[in-house]
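The next block holds one structure in the form of structure tokens; read it before the comments.
The values are calculated or read from the model by the stated rules, or taken from the named source; none is laboratory data. The shown structure was predicted, so the numbers you read here are calculated from the model rather than taken from an experiment. Cβ sites come from the backbone with ideal geometry, for glycine too, and all protein chains shown count toward neighbours. These accessible areas exclude ligands, DNA and RNA; they are computed on the full protein's heavy atoms, side chains included. Shrake-Rupley method; radii C 1.70, N 1.55, O 1.52, S 1.80 Å.
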Amino acid sequence: MNQSDTNDIHHSLTIPKSIVYILAPVLLYGSVFLSVFAPLPVGLSSLFLGRKLAAIFAFISLIVFSFIVSPQISIANFTIWSNFLISLGIGLGLAEVIRKDMNPMKGIVWTGGVLILLLSTVIFYTTVKEDKSVKELVLATLEEVRPLLDKQKEFFEQSSEEGALEAAALLSQPELMASQFLRTVPGIFFVSLFVSLWANMFLLLKSNRLVNRMRFTNYSESILINFKMPDYMIVPVVVALAIIVYGEYFEVESASIIGISSVSLLGVFYFFQGFGIYLAFLDKFKITGFFRTLLVVTTIMMAGQAIAAVGLLDVFVNFKKLMKKNN
């Protein structure tokens, strides 16, 4: 960016705009459905205002958020604070990918990989320092929040809703809860992380194209929609599925956890591929407007695994080529 561009942008910055850039990540993160977009204002501030101002605004946002969650120091609050810090880092990281004109999908993989590596390092350090396994750490955490779990158990025992008794029984078995946590949470984390990265990168690229006029990169959001996994990545999928079968058959818990987490990690990228195919299908039948948005949102919420399966099958079928032939 040349000096005149920087001066023009800084000139247009006002106090109300500054407040918006500071508070927007906090408000988005505090919402339920829009929390995934908390990194977006941070990334936009980097693209529109420059790295230094974006870093300053992100730091002030963190201070504001710290005042909100700090009145009661607990494991839950620390986890919320850490996740918000990660969201700020994601926004700054994705903006750097665009600034450096890096392939957006490679940028997503690198950003997600760095965050996973950092988290893995923290977990490894904690296990060594505490001289406990990951499962023992989870059990210790469950013990710390035992009063809260007991209240939840009482609620489920008095509830007449379907599945309430099963939930109450699970809450009374810490070992089983820890096992379920380790089997499901890593996969949920991987999916949430990369979906957040993809969604925010999509909107940042779109904003850079429409508002910034492709200032930093020649890539547009279309590269994310047309993403295709390399054909050889089917091999790790088969290996991960085999590890799950091995773990379940021989009751090796660690193997099951590794297999399920690996399938979730790979599956999210096949979801991106399947999502592009789904959008191409809607384009083929010229479905646009509100009905298209409704279909997309409903399908993602209710048939995400089916979209991932379409992406996986595309390795053998090539749905887009098939649709073009039919045309």
Of those in the range 208-245 that are closer than 23 Å to K100 by Cβ and among the aromatic types (F, W, Y), the residue farthest from the chain's Cα centre (by Cα) is F216
Pairs please, first residue from the range 287-303 and over 15 Å from A199 (Cβ atoms), second anywhere and part of a loop (DSSP other than H, G, I, E, B), Cβ atoms under 7 Å, 6+ apart in sequence or on different chains.
L295/I287
Within the range 190-201, residues over 17 Å from W110 (Cβ atoms) and buried (at least 17 other Cβ atoms within 10 Å of the Cβ) come out as V191
Qualifying positions in the range 246-280 - in contact (Cβ under 8 Å) with a residue 12 or more places away in the chain, open to solvent by 50 Å² or more (accessible area, probe 1.4 Å) and more than 25 Å from the chain's Cα centre (by Cα)
Y246, E253
Residues being open to solvent by 40 Å² or more (accessible area, probe 1.4 Å) and not β-branched (V, I, T) - total across the range 104-129:
9
Give the residue that is modelled with the highest pLDDT, with candidates limited to residues of the range 203-216 that are surrounded by fewer than 20 Cβ atoms within 10 Å (Cβ to Cβ) and in a helix (DSSP H, G or I).
L203
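Could you check the range 26-111 for helices (runs of 4 or more DSSP H) lying wholly inside it with 2 or more residues that are in contact (Cβ under 8 Å) with a residue 24 or more places away in the chain and within 16 Å of the chain's Cα centre (by Cα)? Show your work before the answer.
On the way: elements: 39-49, 51-69, 75-99.
Of the helices (runs of 4 or more DSSP H) lying wholly inside the range 26-111, those with at least 2 residues that are in contact (Cβ under 8 Å) with a residue 24 or more places away in the chain and within 16 Å of the chain's Cα centre (by Cα) span 39-49, 75-99.
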Could you tell me how many of the residues in the range 136-186 are within 29 Å of I244 (Cβ to Cβ), assigned to a helix (DSSP H, G or I) and not aromatic (F, W, Y)?
27
Kindly indicate which of S61, S82 is among the hydroxyl-bearing types (S, T, Y) and surrounded by 13 or more Cβ atoms within 10 Å (Cβ to Cβ).
S61
Pull out all pairs, ordered by first then second residue, where Cβ-Cβ is under 8 Å, the residues are six or more apart or on different chains, the first lies in the range 169-181 and is within 17 Å of L148 (Cα to Cα), and the second is hydroxyl-bearing (S, T, Y) and not in a helix (DSSP H, G or I).
none
Do you know which of the residues in the range 281-304 that are more than 16 Å from the chain's Cα centre (by Cα) and under 30 Å from I243 (Cα atoms) is most open to solvent (accessible area, probe 1.4 Å)?
M302
Residue match in the range 171-187 (condition: open to solvent by 80 Å² or more (accessible area, probe 1.4 Å) and over 29 Å from L119 (Cβ atoms)):
no
If you go through the range 130-144, how many residues are in contact with a helix residue (DSSP H, G or I) (Cβ under 8 Å, 6 or more places away or on another chain) and open to solvent by 100 Å² or more (accessible area, probe 1.4 Å)?
2
Scan the range 217-238 and tell me whether some residue there is in a helix (DSSP H, G or I), free of Cβ contacts under 8 Å to residues at least 60 places away in the same chain and within 30 Å of V42 (Cα to Cα).
yes
State yes or no: is E221 open to solvent by less than 40 Å² (accessible area, probe 1.4 Å), at negative phi and among the charged types (D, E, K, R)?
yes
